[in-house]
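Engineer: This is the structure, below, for whatever I ask next.
Since every read-out is calculated from the coordinates, none of them should be taken as a lab result. Source: prediction; values computed, not measured. Note that we place each Cβ from the backbone using ideal geometry, even for glycine, and neighbour counts take in every protein chain shown.
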């Protein structure tokens, strides 16, 4: 009796294997695990997004390595995984936010936007001739005077977090957050907490040129990116407090 090889379940279309797995979705998650470390931290004053930009060459123009994006006045997002896939999802999120403003004359809710993006991602796990998006997004924003932080998975799953991370450094970051996260922390403390696992994980250069930070304040409900000087100030404070031990030969 002929038995179809297991590898046949990850070819051309996303289809269930006999043990109920979607291999292409799992492959998409692996692409995210190999991406840049992206950190999101929610606090009483707002939400902070931080990204390790992974500068691979001295020849790169650093401003071109954009990992944190503004979606609307009150929403920002950061991506990890396949860069091109992330760009497409960011563009779609911006369109959805503008459609909501035109249709209802009000800004879109953070949860509503995250669900729309996840609904779109989920459809790419159902049909033939397409593949799942190989990227995950952290979507952060403020509405009704409350901060929100959502993670979107390549499968279309959606979860809200107090603090989380995606990408290559996720495990190390989660370990730090589980030990040190405090809901009472302010926005400055949240940024410092986010810089810490990035600093611990990095092996080479670590300064403001390799880190990108975006914040949304509950009071202003405005998303903004921090300047190089502001980021360097936070980095220096973390380095001074947690100096790395020199390796012995």
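Engineer: Report the full-extension gain for the segment residue 180 to residue 58: residue separation times 0.36 nm, less the Cα-Cα distance, to one decimal in nm. Intermediate values should be presented prior to the final figure.
Structural biologist: On the way: separation 122, 0.36 × 122 = 43.92 nm, distance 3.46 nm.
Gain in length upon complete extension: 40.5 nm.
Engineer: Moving to a separate point now. Out of these labelled values of Cα extents along the principal axes in Å, (1) 67, 62, 38; (2) 64, 43, 34; (3) 69, 54, 40, which was calculated from the coordinates shown here?
Structural biologist: (1)
Engineer: Right, another one. Would you kindly state how much longer the chain becomes between residue 83 and residue 237 on full extension, computed as 0.36 nm times their sequence separation minus their alpha carbon distance, in nm to one decimal?
Structural biologist: On the way: separation 154, 0.36 × 154 = 55.44 nm, distance 3.06 nm.
52.4 nm is the gain from fully extending residue 83 to residue 237.
Engineer: Of 194, 233, 141, which is the most mobile in a GNM of the chain whose springs link Cα atoms less than 10 angstrom apart?
Structural biologist: 233
Engineer: FRET efficiency for residue 162 and residue 220, Cβ-Cβ distance as r, R0 = 22 Å, nearest 0.05? Don't skip to the end; give the middle numbers.
Structural biologist: Working: r = 21 Å, r/R0 = 0.97.
Computed FRET efficiency for residue 162 and residue 220 comes out at 0.55.
Engineer: Another question, if that's okay. What residue among 136, 56, 84 has the largest mean-square fluctuation in a Gaussian network model of the chain, using Cα springs under 10 Å?
Structural biologist: In this elastic network of the chain, the residue with the biggest mean-square fluctuation among 136, 56, 84 is 56.
Engineer: Given the options 119, 217, 153, state which has the largest fluctuation in a GNM of the chain using a 10 Å cut-off (strictly under) for Cα springs.
Structural biologist: 119
Engineer: Right, here's the next one. Treating each Cα of segment 67-165 as an identical point scatterer and ignoring solvent, apply the Debye formula and state log10 I(q)/I(0) at q = 0.15, 0.24 Å⁻¹.
Structural biologist: Taken in order of the listed q values, log10 I(q)/I(0) reads -0.55, -1.32.
Engineer: So what's segment 127-190 giving for Rg/Rh, alpha carbon basis, Kirkwood Rh from the mean inverse pair distance?
Structural biologist: Details: Rg = 14.6 Å, Rh = 13.8 Å.
Value, to two decimals: 1.06.
Engineer: Using 0.36 nm per residue, how much length does the chain from residue 188 to residue 34 gain when fully extended, once their Cα-Cα distance is taken away? Let's see the in-between values first.
Structural biologist: Details: separation 154, 0.36 × 154 = 55.44 nm, distance 2.86 nm.
Fully extending the segment from residue 188 to residue 34 adds 52.6 nm.
Engineer: 222 nm [θ] for the chain, helices only, -39500 (n - 2.57) per DSSP H run of 4+, per residue, to 500? Each step should come with its number before you reach the end.
Structural biologist: Numbers: 6 runs with 87 residues, N = 249.
Dividing the helical sum by the residues of the chain leaves -11500 deg cm²/dmol.
Engineer: Calculate the FRET efficiency for residue 205 and residue 16 from the Cβ-Cβ distance with a Förster distance of 35 Å, rounded to the nearest 0.05.
Structural biologist: 0.20
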